[in-house]
Amino acid sequence: MTTLFYDYTDKVAFNKETAVKVILAETPHSRTTLWCLLPGQHIHPHVHAGDHIWVILEGTGRFLGDDPREVNPGMVLIAPEGRAHGIDNTGMEGLVFLSISAG
């Protein structure tokens with residue numbers, strides 16, 4: 001596999017009905033996904049195998065998990081394997097974040 005490069009702004013997409021999940025890349029050890037949520041949309045807290053790293057790129061929201069808190073651009077969230085994690089777009093604009101799943 002070769003090194004991949006993305007300008008995430010070319011991949012941002014919103015849907016009035018549901019959060020949009022854009023898979024950017026899958027490797028044998030990871031998956032990189034761009035999530036796009038309109039105001040009021042959310043991802044329910046969930047648990048699965050492997051660590052998850054989220055990088056907030058645009059918008060604001062509230063992390064839903066064992067340590068709920070407000071999130072904004074530039075924040076990095078690390079949810080270890082087996083820890084609940086979710087998010088709610090509490091802002092007035094689109095929430096866009098990168099999710100890296102490893103394991």
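The values are calculated or read from the model by the stated rules, or taken from the named source; none is laboratory data. Remember, it's a predicted structure, so these values are computed and weren't measured experimentally. We place every Cβ from the backbone using ideal geometry, glycine too, and count neighbours over all the protein chains shown.
Listing for the model above:
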| item | result |
| --- | --- |
| Selection within region 15-37 - touching a residue at least 60 places away in the same chain (Cβ under 8 Å) and loosely packed, with under 10 Cβ neighbours inside 10 Å | His29 |
| Failed criterion for Lys21 (all others in (1) modelled with pLDDT of 95 or more; (2) out of contact with any strand residue (DSSP E or B) (no Cβ under 8 Å at 6 or more places or on another chain) hold) | (2) |
| Number of the condition not met by Glu93 [criteria: (1) within 22 Å of Asp10 (Cβ to Cβ); (2) surrounded by 13 or more Cβ atoms within 10 Å (Cβ to Cβ)] | (2) |
| Of residues in region 25-54 being within 12 Å of the chain's Cα centre (by Cα) and among the aliphatic types (A, V, I, L, M), the one farthest from Asn89 (Cα to Cα) | Ile53 |
| For Val12: the one exception among (1) touching a residue at least 24 places away in the same chain (Cβ under 8 Å); (2) touching a Ser or Thr at 6+ places or on another chain (Cβ under 6 Å) | (2) |
| Some residue of region 66-82 being in contact with an Asp or Glu (Cβ under 6 Å, 6 or more places away or on another chain), of a type in the set (A, V, I, L, M) and at pLDDT 95 or above | no |
| Which numbered condition Asp51 misses (of (1) exposed (fewer than 11 other Cβ atoms within 10 Å of the Cβ); (2) closer than 14 Å to Ser99 by Cα; (3) not polar (S, T, N, Q)) | (1) |
| From Gly40, Gly103, residue being small (Gly, Ala, Ser), over 18 Å from Lys21 (Cβ atoms) and surrounded by fewer than 16 Cβ atoms within 10 Å (Cβ to Cβ) | Gly103 |
